[in-house]
Structures are given as C-alpha cells and as structure tokens.
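To start, the structure under review is shown below, and the notes come after it.
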Amino acid sequence: MNELLKNTILNELKSRLSEKEFSNIKDKNLHLAIFTNPCLEYMLEGKKKVESRFSKNKIVPYNKIEKEDIVIVKKSGGEVVAYFTIKDILFFNLEQTNISEIRKKYEKELCVDEEFWKKKETSRYASLIFIDKLYKLDSFKISKKGMQTWIKL
C-alpha cells in the first residue's frame, strides 16, 4: 500500500515540479504527514518552524526519520498542499525528559496552545522535526486509508 501511495505522490510531484526540483527529492526518504489547522496554516505562513509528534508508543516518526528527509504535507480530510525538507530532528523519551522542558524551549516555534499540552501530558515519546524549506504545491488528492497521521513511504 505504501509503495502505491509513494508512486502516486511521486507522479503528482513530477507533474508539478521542475525537473531539477523533482530530481532533488525523488531519491530521498519520503514521509506523508497529516496536519490540521491552525498548525497547517501557521506552517504554510512560515510561523511554525518545528513540527512535533507525541505518542504513548514508539511509532513513526519516532526514530524513523532523518535529516534531509522529505515530508509531504496533507491537510486532514483534504489534499496534499506542500512538502518540506527536515533540517534537524530531536527525539525524546519523556520518562527521561520532562515535557515541560520541551514546552519551555520550543513552544514559540511549535505554535501550539494550552489544550495541546494538556492532551500530550500522557505521552511517553516525542519527535521534534525542524522545518528547513517548505514548498507550497498546486494541491492534489490522494487516496489514503486509515487513521495514521504519519506514514513512512
């Protein structure tokens, strides 16, 4: 399934990007990530510099992403709207690092509210993904099944 999804995305990107842009990403590790507003809007506006994923278990993207990987940005229930390159990544075991330390240091770049932090209190793992260059796309639809919010393609 992921291979079909990857090929669909690559075909769409090939038709939307210059040959040079496409050649820069086609052989890199690709990830599909699902975003909701207002975080998606903040990211597209350049306000949100760091994406976070918190979880109770070691699920993707925790320890499954690398610097310079490409993240395909899909709006929840909507279309693919952008992609970005990963500048840097930090992984945290929240049994060793207190979530309040992450909040204090990265809250501004994360662009999240109080409710977000309350929902994440029971998380045991965190991935902070630093956004390098974000490229907006002419949006396109893909068929993604399931509830995953991050898929390694």
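Of the residues screened, Glu66 is one that is over 23 Å from Lys118 (Cβ atoms) and modelled with pLDDT of 95 or more. Screening Leu110 with (1) loosely packed, with under 11 Cβ neighbours inside 10 Å; (2) within 22 Å of Leu44 (Cα to Cα); (3) touching a residue at least 60 places away in the same chain (Cβ under 8 Å) gives one miss only, at (1). Within region 29-67, the set of residues being in a loop (DSSP other than H, G, I, E, B), within 25 Å of Asn7 (Cβ to Cβ) and either hydroxyl-bearing (Ser, Thr, Tyr) or in contact with an Asp or Glu (Cβ under 8 Å, 6 or more places away or on another chain) (or both) comprises Asn29, Lys67. When Lys64, Lys58 are screened for being closer than 29 Å to Leu17 by Cβ and charged (D, E, K, R), only Lys64 passes.
A residue that is assigned to a strand (DSSP E or B) and buried (at least 19 other Cβ atoms within 10 Å of the Cβ) occurs nowhere in region 1-22.
For region 87-128, the set of residues classified as among the aliphatic types (A, V, I, L, M) and touching a Lys or Arg at 6+ places or on another chain (Cβ under 6 Å) consists of Leu94 only.
Matching residues to (1) within 30 Å of Leu4 (Cβ to Cβ); (2) over 16 Å from the mean Cα position of the chain (by Cα); (3) free of Cβ contacts under 8 Å to residues at least 12 places away in the same chain:
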position	(1), (2), (3)
Glu101	no, yes, yes
Arg124	no, yes, no
Lys133	yes, no, no
Lys144	yes, no, no
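Taken as a whole, the condition of being modelled with pLDDT of 95 or more and surrounded by 19 or more Cβ atoms within 10 Å (Cβ to Cβ) does not apply to Lys136. Evaluate the following for Ser76: is it surrounded by fewer than 17 Cβ atoms within 10 Å (Cβ to Cβ), more than 30 Å from Lys20 (Cα to Cα) and of a type in the set (Gly, Ala, Ser)? Taking the combined requirement at face value, the residue does not satisfy it.
Tell me whether region 92-100 contains one or more residues that are over 23 Å from Asn24 (Cα atoms), in a helix (DSSP H, G or I) and of a type outside the set (Lys, Arg). Scanning region 92-100 turns up at least one residue that is over 23 Å from Asn24 (Cα atoms), in a helix (DSSP H, G or I) and of a type outside the set (Lys, Arg).
The values are calculated or read from the model by the stated rules, or taken from the named source; none is laboratory data. Bear in mind that the values here come from a model prediction, so they are computed numbers and not experimental data. No Cβ is skipped: glycine too gets one built from the backbone with ideal geometry, and neighbour counts run over all protein chains shown.
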